[in-house]
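In what follows, a single structure is set out as structure tokens and then discussed.
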Amino acid sequence: MIDISQLTSLVSAFRVETEKESISPETVGKLLQDILDLLATASSDTER
């Protein structure tokens with residue numbers, strides 16, 4: 001099962017970054033990758 005608190009934290013971090021006047025592509029990529037990594041981990045945990 002996905003740990004919703006971690007996912008919520010990552011989405012909140014993304015929102016904070018996008019509220020700034022500009023956001024670097026690296027920051028967007030890192031936050032999206034962190035979300036994908038969390039989802040992948042949850043998926044493989046479910047399969048076990």
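Nothing in this text is a laboratory measurement; each read-out follows from the coordinates by a stated rule. Here the structure is a predicted model, which means the values were calculated and not measured. Don't worry about glycine lacking a Cβ; one is built from the backbone with ideal geometry, like all the others, and counts go over all protein chains shown.
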Revision key, fill the gap. Here the range 8-16 yields Karplus 3J(HN,Hα) values (6.51, -1.76, 1.60; θ = phi - 60°; whole Hz; Gly and Pro given as x) of 4, 4, 5, 5, 4, 4, 5, 5, 4
Point to revise | Highest-first arrangement of 31-43, 10-22, where packing means the average Cβ count within 10 Å | key: 31-43, 10-22
